[in-house]
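Asker: This structure is in structure tokens; I'll ask about it shortly.
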Amino acid sequence: LKLQFLYLIGPDAALQHYTLQMAVVALVAAAAAGNTPLQLLPQESGDESPACLDGSPYGLYFVPSLTKSTKWTIFFEGGGWCLDEVDCYNRSKTRLGSSKHFNARLGCPCMNVNEHGGIDTHCNCLYLPYGDGASFSGYRAKPWPVPGVPGAELYFRGIKNLDAAVEFALKHGMDRATELVVSGSSAGGLSTFLHTDRIVAQARARNPALEKVVSVPVDGFFLDHDNYNHGAYNYTAWMKYIYHMQNLTFGADGGLTAACQQAYPGDEHYCFMSPHMPQFVQTPLFAFNS
């Protein structure tokens, strides 16, 4: 495991934090530049079809290289998590839970490095908007009811959204990639910790020549500690509830790592939390975090 962290400490920490914030803002601004149309993915696989929380088709934004580069970036959008069914139902009426509200056009921030050590802006870039509320990790075949809201249903298909997006990339040139960077910010940073190995495995199954791979989560390392009033409703409890609600698992339909499951018997939800699972990631990691 190759794991590096950029932490901000010392007398210049405030300035460093501001600088990192500006870097993240620049990435988000690049993603919002609006230079490629939303592409909705087909829902042709029945209960395994990709879907947002409201059941609408999942979609993505693909910016192909103008220079025929074989470098690729896959970037996960962030946006927190929905903490229970009502929260997810409310989220399903927004752009974080329904492709009906996704931007019509969006850009994508390349994270590949050029020969001069700067960002290579000519990569093939796949931007994955956030439509599931669990960092692309859950899967339930059937719609899930919302307590207290008669007739309301939710679709938990995060891992299916990811797998369909990777398949899209492979059909659009990633099967010839020589370099792949997986990145994302905030909850998308957690997605990066969780799913880079899965993406790399799927890519190399079709493209054994893919050599250089790296995972670059941005602000995705959320400390597992109690809240200020030491109540039961804290970050750990939130993630444990999401783990069960969205049916996060460790098999082919699961977004979590089997080696992590073996390390935390009885506390498998730890594998959905970035402080506990990076040791099981096989892809080289460079994490930006403050």
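The values are calculated or read from the model by the stated rules, or taken from the named source; none is laboratory data. The shown structure was predicted, so the numbers you read here are calculated from the model rather than taken from an experiment. All Cβ positions, even for glycine, are placed from backbone atoms using ideal geometry, and neighbour counts span all protein chains on display. SASA here: full protein model, heavy atoms, side chains in, ligands and nucleic acids out. Shrake-Rupley method; radii C 1.70, N 1.55, O 1.52, S 1.80 Å.
Asker: Taking the solvent-accessible surface of protein heavy atoms with a 1.4 Å probe, what is the per residue accessible area of the chain in Å²? Could you put the intermediate results ahead of the total?
Answerer: Values: 13030 Å² over 290 residues.
Here the residues of the chain average 45 Å² of exposed surface.
Asker: Moving to a separate point now. Provide the descending list of Cα extents for the chain along its principal axes, expressed in whole angstroms.
Answerer: 56, 51, 36
Asker: Test of understanding: in a Gaussian network model of the chain with alpha carbons linked when under 10 Å, which of 68, 93, 142 would top the mean-square fluctuation ranking?
Answerer: Of the options given, 68 has the highest mean-square fluctuation.
Asker: Excluding residues on the same chain fewer than 8 positions from residue 68, give the lysines whose Cα lies under 27 Å from its Cα.
Answerer: Correct list for residue 68: 171, 212.
Asker: In the chain, what % of DSSP beta bridges are antiparallel (nearest 5)? Don't jump to the answer; show the numbers that get you there.
Answerer: Numbers: 11 of 35 bridges.
Around 30 percent of the beta bridges assigned by DSSP in the chain are antiparallel ones.
Asker: OK, next. How high is the relative contact order of the chain, given as a whole-number percent (alpha carbon pairs under 8 Å, six or more residues apart)? Could you put the intermediate results ahead of the total?
Answerer: Numbers: 649 pairs, mean separation 65.2, N = 290.
Over the chain, the number comes to 22 percent.
Asker: On to the next question. Taking N as the number of residues in the range 165-205, what value does Rg over Cα atoms divided by 2.2 N^0.38 Å take? List each step's numbers first, then the result.
Answerer: Details: Rg = 10.5 Å, N = 41, 2.2 N^0.38 = 9.0 Å.
Its radius of gyration relative to the 2.2 N^0.38 Å reference: 1.17.
Asker: Dividing the Cα convex hull volume of the range 143-279 by residue count, how many Å³ per residue is that? Let's see the in-between values first.
Answerer: Numbers: hull volume 18.7 nm³, N = 137.
With only Cα atoms used, the range 143-279 gives 137 Å³ per residue.
Asker: In percent, what relative contact order does the range 95-247 have, based on Cα pairs under 8 Å that are 6 or more apart in sequence?
Answerer: Details: 205 pairs, mean separation 28.3, N = 153.
Contact order relative to length: 19 percent.
Asker: May I ask for the distance between the Cα centers of the range 264-290 and the range 133-182, given as a whole number of Å?
Answerer: Using only Cα atoms to place each centre, the spacing works out to 20 Å.
Asker: Just to be sure I understand: with springs between alpha-carbon atoms less than 10 Å apart, which residue in 248, 41, 256 has the highest mean-square fluctuation in the Gaussian network model of the chain?
Answerer: Highest fluctuation of the listed residues: 41.
Asker: Further question on the same structure: Give the cross-link partners of residue 71 among the aspartates and glutamates, using a straight C-alpha distance below 18 Å as the criterion and excluding same-chain residues fewer than 8 apart.
Answerer: The qualifying aspartates and glutamates are 115, 120, 167, 175, 179, 197, 211.
Asker: Hey, another quick one. To the nearest 10 Å², what's residue 47's accessible area with a 1.4 Å probe?
Answerer: 60 Å²
Asker: Now, a different point. How large is the helix-only mean residue ellipticity at 222 nm for the chain, computed as the sum of -39500 (n - 2.57) over DSSP H runs with n ≥ 4, divided by its residue count, in deg cm²/dmol to the nearest 500?
Answerer: On the way: 6 runs with 77 residues, N = 290.
The per-residue figure over the chain is -8500 deg cm²/dmol.
Asker: Picking from 139, 130, 241, which is most flexible by a Gaussian network model of the chain using Cα springs under 10 Å?
Answerer: Highest fluctuation among the options: 241.
Asker: How much of the accessible area of the chain, probe 1.4 Å, is carbon plus sulfur, in whole percent?
Answerer: Details: 7380 of 13030 Å².
Here it works out to 57 percent.
Asker: How big is D for the range 66-171, in µm² s⁻¹ as a whole number, if Stokes-Einstein is applied with the Kirkwood radius of its Cα pairs at 37 °C and 0.692 mPa s?
Answerer: Details: Rh = 15.6 Å.
This corresponds to a translational diffusion coefficient of 211 µm²/s.
Asker: How much length is gained if the chain between residue 100 and residue 35 is pulled fully straight, taking 0.36 nm per residue apart and subtracting their Cα-Cα distance, in nm to one decimal? Display every interim value, and only then the final one.
Answerer: Numbers: separation 65, 0.36 × 65 = 23.40 nm, distance 1.88 nm.
Working it through step by step, the gained length comes to 21.5 nm.
Asker: Please give the contour-minus-distance gain from residue 93 to residue 121: 0.36 nm per residue of separation, less the Cα-Cα distance, rounded to one decimal in nm.
Answerer: On the way: separation 28, 0.36 × 28 = 10.08 nm, distance 3.38 nm.
6.7 nm is the gain from fully extending residue 93 to residue 121.
Asker: If packing is taken as the average count of other Cβ atoms within 10 Å, what order do 259-267, 276-284 fall into, highest mean first?
Answerer: Numbers: 259-267: 13.6, 276-284: 17.7.
My ranking of the peptides, most packed first, is 276-284, 259-267.
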